[in-house]
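Have a look at the structure below before the remarks.
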Amino acid sequence: MLIRREAAGDIDVIRAITSAAFARGEAPGQTPAEATLVDELRAGPAWIPTLSLVAVTPVDEVVGHVLCTRGHVGRDPVLGLGPLSVRPDRQRRGVGSALVHAVLGAADALGEPLVALLGDPGYYSRFGFRLSHQYAITPPKPQWHPHFQVRVLYGYQSGLRGTFTYPEPFDRT
């Protein structure tokens, strides 16, 4: 498996993978909110092309996708991770882990201070994510507290505190 940047020709397959990964019994023809979110993020100012990565097989078949977009803690720029999507027939085979490791490494190399996400602490703790309150960072919605996490990177400074804000398209999900 190879992790590479998203290419223009990957957009439709990313939408299909995200739709399949997040399908929860939607009505036929209805797209899961996460797939729409990726499209809206891609079209907005928070999009960071270098942090939209795909996992591909040796024959360049896309099987997973992850992205980080520009978020903020107070007024300070940080990153928000997600959605993370893996084709259902490739889940539980290390694809998601490889994507998370790659996007965190890329974000660190860019000098970003931290990455925040809403997700299962049991899964994301293996990548160094910790509950956000440990860093005095507040989730955008109080009910997210038990699942809102932060991974500090090389550019982190301890004075970075406050409420995290996702890019505007997240407000519609």
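Odds and ends about this structure:
- Residue match in the stretch 44-53 (condition: part of a helix (DSSP H, G or I) and modelled with pLDDT under 95): no
Residue by residue, here is whether (1) over 18 Å from the mean Cα position of the chain (by Cα); (2) within 17 Å of Leu51 (Cβ to Cβ); (3) surrounded by fewer than 18 Cβ atoms within 10 Å (Cβ to Cβ) holds:
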| position | (1), (2), (3) |
| --- | --- |
| Ala107 | no, yes, no |
| Gly111 | no, yes, yes |
| Asp120 | no, no, yes |
| Tyr123 | no, no, yes |
| Arg126 | no, no, yes |
| Lys141 | no, no, yes |
| Gln149 | no, no, no |
| Thr165 | no, no, no |
| Glu168 | no, no, yes |
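- The stretch 1-59 - residue that is farther than 22 Å from Ala98 by Cβ and polar (S, T, N, Q) and, of those, surrounded by the fewest Cβ atoms within 10 Å (Cβ to Cβ): Gln30
- Pairing residues of the stretch 155-173 that are under 16 Å from Pro142 (Cβ atoms) with residues that are assigned to a loop (DSSP other than H, G, I, E, B) and among the basic types (Lys, Arg), at Cβ distances under 9 Å and at least 6 apart in sequence or on separate chains, gives Gly162/Arg75.
- Residue check: Asp76 meets all listed conditions (1) under 17 Å from Phe164 (Cβ atoms); (2) surrounded by 18 or more Cβ atoms within 10 Å (Cβ to Cβ); (3) not hydroxyl-bearing (Ser, Thr, Tyr) but one, namely (2).
- Here Tyr124, Tyr135 are screened, and the one residue that is in contact with a strand residue (DSSP E or B) (Cβ under 6 Å, 6 or more places away or on another chain), under 26 Å from Arg42 (Cα atoms) and in contact (Cβ under 8 Å) with a residue 12 or more places away in the chain is Tyr124.
- Qualifying residue in the stretch 69-84 (condition: over 22 Å from Pro139 (Cβ atoms) and either in contact (Cβ under 8 Å) with a residue 40 or more places away in the chain or assigned to a strand (DSSP E or B) (or both)): no
- For the residues Asp89, Asp39, the requirement of being of a type outside the set (Gly, Ala, Ser), within 25 Å of Glu168 (Cα to Cα) and either out of contact with any strand residue (DSSP E or B) (no Cβ under 9 Å at 6 or more places or on another chain) or assigned to a helix (DSSP H, G or I) (or both) singles out Asp39.
- Residues satisfying the stated conditions in the stretch 15-36, i.e. under 18 Å from Arg87 (Cβ atoms) and touching a Lys or Arg at 6+ places or on another chain (Cβ under 9 Å): Ala16, Ile17, Ala20, Ala21, Thr31, Pro32, Ala35
- Here is the figure for the stretch 79-102: residues that are on the phi > 0 side of the Ramachandran plot and surrounded by fewer than 18 Cβ atoms within 10 Å (Cβ to Cβ) total 2.
- Residues in the stretch 119-173 that are outside any loop (DSSP other than H, G, I, E, B) and of a type in the set (Val, Ile, Thr): Ile137, Thr138, Val150, Val152, Thr163, Thr165.
The values are calculated or read from the model by the stated rules, or taken from the named source; none is laboratory data. Quick caveat: nothing in here was measured; it's all calculated off a predicted structure. Virtual Cβ from ideal backbone geometry, glycine too; neighbours counted across all protein chains shown.
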